[in-house]
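Trainee: I'd like to ask you about the structure that follows.
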Amino acid sequence: MTSTPPPRPSVAERLIAEHGPAITLGDDCDLPDDLQVEIDPGAYLTLGHRVSIRRGSTIQVHRGATVAIGDDVAIGEHTFISAMAGIRIGAGAALSNMVDLHDHNHRPRTAENVPTGQLVPWASGFEAAPIVIGPGAILSNKVTVTAGVRIGANSLVGANAMVSHSIAPDTVATGVPATPRRTFDGAPAPREDVRTLTVGFFGTSIMEHLEAVNAQMTAQANLPTVGSKVTVEAWAQRGWVHRLSLSLRAAWPHIAFDVHNAGEGGATSRDIAKIVEADRATTGTDYDLVFLGCGINDVWRHFQNRTAEAVDLDEYTRHLNTMLDQLSGYTRRIVVVSETPFGPVEDPDTVTAMNAELARYNAAARAAAAAHGALFLDVWAPFTAAARHLTGEPAALWSDGVHLSELGDTVLLQQTERLLAEHRIVEKLQEYPLLERDAALTAYGPMFARHRPSGG
């Protein structure tokens, strides 16, 4: 009498037996017998329904990390997925053969990272940042994706590409590094967690730019008649900062921009330093990008004989350096904006003297920016060039000789957009910053909480 061997457990049963509460598997998954899954303590792997993985593939989830693979994802042969912070693959995404996803790398073997000089590969520790692949994205064979990158919904990445910068939705990208080649009208896809960039502005009324508002004034189908009266319902911030925020949203509609305009009319560098300090103390906001500009009121108060409020060049420089020191601790990119020149606010000789003094403050701002690794946006030169060559009335750049007209705001907007494009600032800020391994788990853990049991 022959005995019947017990039925061989399915791959899903084997994985659940090996990893227990550290893994969740959806229904109807097609998994190969040789699938290698390694889950360290505190790590978690979840696969959605109808996930298909081909032979020779490996999934590593290191201590504390999360890998979340959505419904109907297809993964080709010999693909390697390794997470120390977190990797999320959206529903319906496809990874072809030999794709490599690593959300981490060794830190450099600096004296600080390896104080004992120990010669083992892991002595320097690791740094990590999430990888997020949007729904419906397709990665062709032998694509490599590095830490901190987002690949947008429906995007197609060509074979052998290395994705080291984020890719917008509905985009074809190829090459090393992967570079957008064209966009297309993408199919509808669920909008997963949107990348948010926080942008701060600290400066004077040039940034604040208050305007009186009545809703009827801008409702083109219901404008008040000429000669009628309306009630001012509120003050709103407009000017070049408002236009820039609209421009950013129009250029990158898949990104959310959280704009904080802390400009204040009449503020000197002394006042703005207090605003920066109070902002950190009360909100604790970490910024991706900050624009900082001051100096015009420091100078103007001298010429108004308001000596108690005036700020001399040495004090201005101290305040600027203090602000840059503080902002550098919680801001990924800082742009110091030069002040625009004075227009016809006084007699010509006085205005010439005021601008000569203001130019000295701008030079100090340029030096402070360089010392702190910040960018310096010189709006003085293009502004004076526009005033010199402008046909008609050069004073049209100002509304009153200090504050800017719509034309003056447009000059600032164009210069700012040019700087952002030249340094690819927004593109680079889309990546998640690399952090030391434990710091990355703390910082990015909330991104993956909903993919873990009880949101843990």
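Trainee: Tally up the residues in the stretch 87-120 that are part of a loop (DSSP other than H, G, I, E, B) and without any contact (Cβ under 8 Å) to a residue 60 or more places away in the chain, please. Walk me through how you get there before you give the answer.
Mentor: The first filter runs over the stretch 87-120 and keeps only residues part of a loop (DSSP other than H, G, I, E, B), leaving 90-93, 96-99, 103, 107-120.
Pick out the ones that are also without any contact (Cβ under 8 Å) to a residue 60 or more places away in the chain and you get 93, 97-99, 103, 108-120.
Result for the stretch 87-120: 18.
Trainee: For the list (1) outside any helix (DSSP H, G or I); (2) over 21 Å from residue 288 (Cβ atoms); (3) of a type outside the set (Gly, Ala, Ser), I need the number of the one condition that residue 376 fails.
Mentor: Looking at each condition in turn, residue 376 falls short on (2).
Trainee: Same structure, new question: Condition (residue is modelled with pLDDT under 95 and over 22 Å from residue 246 (Cβ atoms)) applied to the stretch 402-411: is it met by at least one residue?
Mentor: Within the stretch 402-411 (the criterion being modelled with pLDDT under 95 and over 22 Å from residue 246 (Cβ atoms)), the answer is yes, since at least one residue qualifies.
Trainee: Could you tell me whether residue 14 is of a type in the set (Lys, Arg), more than 32 Å from the chain's Cα centre (by Cα), surrounded by 14 or more Cβ atoms within 10 Å (Cβ to Cβ) and not in a loop (DSSP other than H, G, I, E, B)?
Mentor: Working: of a type in the set (Lys, Arg): yes; more than 32 Å from the chain's Cα centre (by Cα): yes; surrounded by 14 or more Cβ atoms within 10 Å (Cβ to Cβ): yes; not in a loop (DSSP other than H, G, I, E, B): yes.
Considered against the rule, which asks whether it is of a type in the set (Lys, Arg), more than 32 Å from the chain's Cα centre (by Cα), surrounded by 14 or more Cβ atoms within 10 Å (Cβ to Cβ) and not in a loop (DSSP other than H, G, I, E, B), residue 14 comes out as yes.
Trainee: Restricting attention to the stretch 277-299, and to residues there that are surrounded by fewer than 21 Cβ atoms within 10 Å (Cβ to Cβ) and among the β-branched types (Val, Ile, Thr), which single residue is nearest to residue 259 (Cα to Cα)?
Mentor: 285
Trainee: Looking at (1) in contact with a Leu (Cβ under 8 Å, 6 or more places away or on another chain); (2) touching a residue at least 40 places away in the same chain (Cβ under 8 Å); (3) within 30 Å of residue 428 (Cβ to Cβ), which is the one condition that is false for residue 265?
Mentor: (3)
Trainee: Across the stretch 307-321, which residue is surrounded by the most Cβ atoms within 10 Å (Cβ to Cβ) among those that are out of contact with any Lys or Arg (no Cβ under 7 Å at 6 or more places or on another chain), outside any helix (DSSP H, G or I) and not hydroxyl-bearing (Ser, Thr, Tyr)?
Mentor: Ranking the candidates gives 312 first.
Trainee: With the structure loaded, tell me whether residue 352 is assigned to a loop (DSSP other than H, G, I, E, B), farther than 21 Å from residue 208 by Cβ and open to solvent by 40 Å² or more (accessible area, probe 1.4 Å) or whether it fails that test.
Mentor: Answer is no for this residue.
Trainee: Another question, then. Of the residues 179, 283, 268, 196, which single one is of a type in the set (S, T, N, Q), in contact with an Asp or Glu (Cβ under 7 Å, 6 or more places away or on another chain) and under 23 Å from residue 433 (Cα atoms)?
Mentor: Numbers: 179 fails: in contact with an Asp or Glu (Cβ under 7 Å, 6 or more places away or on another chain); 283 fails: in contact with an Asp or Glu (Cβ under 7 Å, 6 or more places away or on another chain); 268 fails: under 23 Å from residue 433 (Cα atoms).
So the residue among 179, 283, 268, 196 that is of a type in the set (S, T, N, Q), in contact with an Asp or Glu (Cβ under 7 Å, 6 or more places away or on another chain) and under 23 Å from residue 433 (Cα atoms) is 196.
Trainee: So which residues in the stretch 219-246 are over 23 Å from residue 257 (Cα atoms), of a type outside the set (D, E, K, R) and either assigned to a loop (DSSP other than H, G, I, E, B) or in contact (Cβ under 8 Å) with a residue 40 or more places away in the chain (or both), if there are any at all?
Mentor: First pass over the stretch 219-246, keeping only residues over 23 Å from residue 257 (Cα atoms): 219-234.
Still in the list and also of a type outside the set (D, E, K, R): 219-228, 230-232, 234.
Those that are over 23 Å from residue 257 (Cα atoms), of a type outside the set (D, E, K, R) and either assigned to a loop (DSSP other than H, G, I, E, B) or in contact (Cβ under 8 Å) with a residue 40 or more places away in the chain (or both): 219, 223, 224, 225, 226, 227, 228, 230, 231, 232.
Trainee: Right, next: Output the residues belonging to the stretch 125-160 that are surrounded by fewer than 23 Cβ atoms within 10 Å (Cβ to Cβ), closer than 16 Å to residue 97 by Cα and small (Gly, Ala, Ser).
Mentor: Hits for the stretch 125-160 are 140, 158, 159.
Trainee: Separate question: Considering each of 429, 434, 441 in turn, give the residue that is hydrophobic (A, V, I, L, M, F, W, C), closer than 30 Å to residue 47 by Cα and open to solvent by 60 Å² or more (accessible area, probe 1.4 Å). Quick ask: steps written out before the conclusion?
Mentor: On the way: 429 fails: open to solvent by 60 Å² or more (accessible area, probe 1.4 Å); 441 fails: open to solvent by 60 Å² or more (accessible area, probe 1.4 Å).
Among 429, 434, 441, only 434 is hydrophobic (A, V, I, L, M, F, W, C), closer than 30 Å to residue 47 by Cα and open to solvent by 60 Å² or more (accessible area, probe 1.4 Å).
Trainee: Inspect all residues belonging to the stretch 40-60 and state whether any of them is free of Cβ contacts under 8 Å to residues at least 12 places away in the same chain, among the charged types (D, E, K, R) and assigned to a loop (DSSP other than H, G, I, E, B). Reasoning before the result, please.
Mentor: Let us first name the residues in the stretch 40-60 that are free of Cβ contacts under 8 Å to residues at least 12 places away in the same chain, namely none.
Taking every residue of the stretch 40-60 in turn, none turns out to be free of Cβ contacts under 8 Å to residues at least 12 places away in the same chain, among the charged types (D, E, K, R) and assigned to a loop (DSSP other than H, G, I, E, B).
The values are calculated or read from the model by the stated rules, or taken from the named source; none is laboratory data. For clarity, every value in this text was computed on a predicted model and none was experimentally measured. Cβ: placed from backbone, ideal geometry, glycine included. Neighbour counts: every protein chain shown. Calculation scope for accessible area: heavy atoms of the full protein, side chains included, ligands and nucleic acids excluded. Shrake-Rupley method; radii C 1.70, N 1.55, O 1.52, S 1.80 Å.
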